[in-house]
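Please read the structure below before turning to the comments.
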Amino acid sequence: MSKRDISFYVIDVFIAIDKVERYTQQFNSAEELLYHEMAWDATIRELEIIGEATKHLLKAELIPKYYRRIVDFRNQINHAYFGIDENIVWNVVRDKLHSYKDDLVAIIISENISLQDAISSMREDKLSNDHILMVLLELEKL
């Protein structure tokens with residue numbers, strides 16, 4: 001099994017956050033999101049991706065240990081199935097993800113982490129997805 005460079009996990013988080021923001025921007029409440037089946041399922045999936053990528057960032061000691069709560073949240077939604085509390089998801093979507101994104105940007109800058117190779121590689125894979133290309137373009141500016 002090949003070891004994936006940590007910069008890919010960082011980019012995974014940014015792309016997943018962007019997707020969650022886009023999937024949920026039309027909703028005004030947890031209930032609205034919950035009852036929109038496709039947006040709910042897509043949001044849950046992206047939150048799982050954020051949690052999985054965060055697990056790898058923690059293992060690499062790139063982010064502080066208190067981000068373990070993101071991994072724990074991923075485990076909860078991954079195993080709760082129909083028992084997921086929409087209000088908790090809504091709180092994460094509306095109040096937590098933006099802070100996490102800002103913290104990751106600060107870490108990338110302070111630790112001088114290069115994302116260029118990962119961005120170039122992912123750009124080749126995502127040529128047909130304008131939204132992801134925009135996220136990659138923003139990351140190149142860091």
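Every number in this text was worked out from the coordinates using simple rules, so none of it is lab data. As the structure is a prediction and not an experimental result, all values here were calculated from the model. Backbone-built Cβ (ideal geometry, glycine too); neighbour counts: all protein chains shown.
Per-structure values
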quantity	calculated
For Ser29, Ser7, order by how many other beta-carbon atoms lie within 10 Å, fewest first	Ser29, Ser7
Neighbour-count ranking [beta-carbon atoms within 10 angstrom, fewest first] of Glu37, Glu140, Glu32	Glu37, Glu140, Glu32
Candidate lysines for bridging to Lys65, where Cα separation is under 30 Å - those fewer than 8 sequence places away on the same chain excluded	Lys3, Lys19, Lys55, Lys96, Lys101, Lys141
Computed E for Ile113/Tyr66 - FRET, C-beta separation, R0 22 angstrom, nearest 0.05	0.70
Cα principal axis extents for the chain, largest first, Å	40, 34, 31
